[in-house]
Amino acid sequence: MSLNSTQQQELTVDDIEDFDDFDDLDEVDNRRYSRRVLNDASDLVLGLPSFATGVGDDDLRETAYEILLAAAGASGGLIVPSKDKKKEKKSILMRKLGRSKSENVMTQSQHLSGLVSLLETMRVQMEISEAMDVRTRLGLLNAMIGKVGKRMDTILIPLELLCCISRTEFSDKKSYIKWQKRQLNMLEEGLINYPAVGFGESGRKANELRVLLAKIEESESFPPPAAELQRTECLKSLREIANPLAERPARGDLTGEVCHWADGYHLNVKLYEKLLLSVFDVLDEGKLTEEVEEILELLKSTWRILGITETIHYTCYAWVLFRQFVITGEQRILQYVIEQLKKIPLKEQRGPQERMHLKSLHSRVEIEKGFQELTFLQSFLLPISKWADKQLGDYHLNYAEGSAMMENTVAVAMLVRRLLLEEPETAMEYATISDTEQIEFYVTSSIKNAFTRMIQDVEAIAHATNEHPLALLAEHTKKLLQRDNAIYMPILSQRHRKAAAVSASILHKLYGIKLRPFLENAEHLTEDTIAVFPAADSLEQYIMQVIVSTCADGTSDAYCRKLNLFKIETVSGTLVLRWVNSQLARILNWVDRAIQQERWTPVSPQQRHGSSIVEVYRIVEETVDQFFALKVPMRPGELGSLFRGIDNAFQVYAKTILDKIANKEDVVPPVPILTRYSREHGIKAFVKKELKDTRIPDVLKSVEIDIVATSTLCVQLNSLHYAISQLNKLEDSIWERWTRKKHHDKSIKSPAEETARNLQKDSFDGSRKDINAAIDRMCEFTGTKIIFWDLREPFIENLYKPSVSQSRLESVMDPLDMVLNQLCDVIMEPLRDRVVTGLLQASLDGLLRVILDGGPSRVFSLGDAKLLEEDLEILKEFFISGGDGLPRGVVENQVARVRQVVKLHGYETREIIEDLRSASELEMQGGRGKLGADTKTLLRILCHRGESEASQFVKKQFKIPKSGA
């Protein structure tokens, strides 16, 4: 019959008998395995010891099916097919040869339903012959005769089958001996070699059991009558010894409720593994059968017999799926593996009984250096972990296109790692390496392997093209990193956000090892250096770019510090840096000279800044021209040095100007001693003791203070403004010329340009900050100087003296207006508001000084409040100037602090005194009185209040003396 034929021919019962034990199914197996090229999984081995009796895969598979039948029988699903229908069934061989992939396995069992139908599916999936199936079913049913009230899954299955199945039910003696040997081996492995329950006093019986097993096997060599007699006697003795051994209680079981013959961990999980393998299609190992959910549900019935728990099930199933994935390479199976691994309960999710059970499961396996003790999870998961580590340790080779296969493998590795971390034997080993460090191990290992292969390729190319190997290696390394970032990093960065930085760092180190001898021996610019330097520098700049872009949280510096930089610029740019430094020193000398020679007069009516800033910009631009005229390779380091030097020059310029102006405190006269109102003498100065500083302003002015003219201050302000206004133009010019130079300099690659661009964005921030700070301070000083120095007599000394009505603010407005006009004539338009705001603030400071600290010659009455408010309004409108001056909102905000003080003059003395008392208490708690003023302000209002009540209060409460004669 042709292998491709779909015709099915009925066979006789005798024909079926010939195939009962699958001795002649090699042709089927060859056909099945030819459907898919299978991978070698010989290195993927469970961490379990081998069986002492030599039990093989076929033995385990057949015994596993017998256990499945027993478990099904316990549920009442054991039905023996009728012999009358046997001839109607086609042989397994013919069904396999004539069945397509898409056909249902149960072509002959469509009339069956439920459990019976599913068992038939399992029979075919597990490649069990119909004859063996029938024998086992009958044997199990016969075994239950006379065992009233006992479940089928509590019997000693191999023993019962030995007792209930005779030699006559086999087609030949060879098949029978093979079957009997398997049952005897299972008894020995299950009861003696790896028992879950200790023997205790039953140790002697275990030895007797071994003797009986040997006698049963030996009886087959005797003549038939003697053989049957010895076999019968031995089986009887075997039952007397084996049943008590199998029914030893464990984990709280009641005697007779659980049969522990196959609960020896190593045997039971191997049997369960064979059951789980039935989920795969027999004709396509890369697919799960359609009945997978029903099969898994059916297998739960074997848990009682095999001692399977939820954790053991999911672990075994994950192992079976994973090994099948390795064999078939079917990606979908790997996704199933991930699903099962996620279902394995963590330690805290397991019940106390299961935790105790798992803790008792240990195996001892032989390794190169002796023996290793493994827990259950280690036995199953360590092989998976090692396989995944090996694959990911060279992901460039094993996952050439990246793909979801690699992503799933990483997921498996991390899930297994998480589970193994809970095992005390591996927790210490695994805990020392974090998940991110494990990813780093994959990256490091794979990059090294890929780089080693790349060196061999580059050497061959260089030999053929006469290109320098290091230049070629740099280009290929860059391509490797680009490919790494495009294909693999999106997968690895999900578990290590900085995996790309790790990859880049390793490649930098590997290439650096090859490059460094060349750099150390490079003494002149040769063809080799011209070829290698740009390529190596481009690689390093790209590596730095990858690290910076990966470490968005600002940790790139940590990675960069670990790099042993190539420092090509130290070889090719030493002279450039030296020249730049000498030019920067020259610039600083010119800055100092220009300021020393400055007369602070406007360059022209249109250019109202001083000539010194023009000279500074001239020397700076001259230096920039010479810098870009140098015909040597330049790195961003040289450009950064130039930027920093120029930035420093402008900072020095601003500081030198600022150092030449006086302090604000020097132009403000000392505050008079606080005294109270005296009816007899008015408010006169009371001096308790001599003032330490008896200098008068005129002496200070002529001797110690060099107060520059307002026009000079304006020119200096204009010069500072010109300096900061031209910085953007200078920056743009330098960057444009840098870009143009890079365009012509083919040896420099774009990563260097990008690094320089980042440098350029904040290259002059230092000088901008210092110049702006200098402008703010000078504007403040200018206003203070005008009010407290230039207008000291009309404003500070004479305003509101001897009374408000006799010396109003109007008397100050003309000189103030004159000063303001002179100020606006000289100051540049962009600075006008800043300077005038400084004058406004100083005017308000002066007004507060007059009102609160005006000395003993000033007295205010309740009726002055209205006049003061009018004066304040005049001052406000003066600076607003009908919309031509400062913005109304700005002025209002500044005036508000004075308005509050002026308003206090309108309150009765009694109200102020009460508020002062309450404010004193509230200030202890961080608050103020209802009038909203602090105690210092309220006290000064009372001291200058021309009433005896106020004078008496401050005398009594604050011991402030009245004015002296």
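The values are calculated or read from the model by the stated rules, or taken from the named source; none is laboratory data. Values in this document were obtained by computation on a predicted structure and should not be read as measured data. As a convention, Cβ positions derive from the backbone with ideal geometry for all residues, glycine included, and neighbour counts pool all protein chains shown. Calculation scope for accessible area: heavy atoms of the full protein, side chains included, ligands and nucleic acids excluded. Shrake-Rupley method; radii C 1.70, N 1.55, O 1.52, S 1.80 Å.
Between Asp435 and Glu218, the modelled labels are 6.0 nm apart [label points 7 Å from Cα along Cα→Cβ].
Proximity of backbone amide H atoms, modeled 1.01 Å from N, is registered between Lys287 and Asp281 at under 5 Å, excluding neighbours fewer than 5 places apart on the same chain. Take the Cβ atoms of Leu922 and Gln494, set R0 to 45 Å, and the FRET efficiency comes out at 0.15.
Over segment 372-427, accessible surface divided per residue gives 32 Å², non-protein components excluded, 1.4 Å probe. The charge dipole of segment 299-366, taken about the Cα centre with unit charges on the Cβ atoms of Lys, Arg (+1) and Asp, Glu (-1), comes to about 160 debye, rounded to the nearest 20.
If you filter segment 823-915 for GluC sites (Glu not before Pro), then keep DSSP loop positions with at most 12 other Cβ within 10 Å, what is left?
Qualifying residues, ordered by number: Glu908.
If R0 is 25 Å, what FRET efficiency do you get for Gln607 and Asp765 from their C-beta distance, rounded to 0.05? Taking R0 as 25 Å, the efficiency between Gln607 and Asp765 is 0.40. For Arg676, nonlocal amide neighbours, meaning residues 5 or more places apart or on other chains whose placed amide H falls under 5 Å from its own, are Lys962, Ser963.
Per-residue accessible area (protein heavy atoms, 1.4 Å probe) orders Ser918, Ser678 as Ser918, Ser678, starting from the largest. The figure for Arg418 is an accessible area of roughly 110 square angstrom, using a 1.4 Å probe on the protein chains alone. For segment 213-228, 3J(HN,Hα) computed residue by residue from phi via the Karplus equation (6.51, -1.76, 1.60; θ = phi - 60°) reads 4, 5, 5, 5, 5, 5, 4, 5, 8, 8, x, x, x, 5, 4, 5 Hz, glycine and proline entered as x.
If a/c stays under 1.5 just call it rounded; otherwise compare a/b with b/c (prolate if a/b is bigger, oblate if not). Do that for segment 117-194, with a ≥ b ≥ c from the square roots of the Cα gyration tensor eigenvalues. Cα axes put segment 117-194 in the rounded bin. In this calculation the C-beta distance from Arg210 to Lys173 is compared with R0 = 25 Å, giving a FRET efficiency of 0.55.
The distance between label points at Met356 and Ile874 comes to 10.0 nm (points 7 Å beyond Cα on the Cα→Cβ vector).
Computed over protein heavy atoms with a 1.4 Å probe, the carbon and sulfur contribution to the accessible area of segment 461-504 reaches 53%. Projecting label points 7 angstrom from Cα along Cα→Cβ for Leu38 and Ala400 puts them 2.5 nm apart.
Accessible surface ranking for Asp915, Asp389, 1.4 angstrom probe, highest first: Asp389, Asp915. Solvent exposure of segment 498-615, expressed per residue, is 52 Å² of accessible area, with all protein chains present and a 1.4 angstrom probe. Over segment 489-608, how many percent of alpha carbon pairs lie in each 10 Å bin up to the one with the longest distance? Values per bin, smallest distances first: 11, 27, 21, 16, 13, 10, 2.
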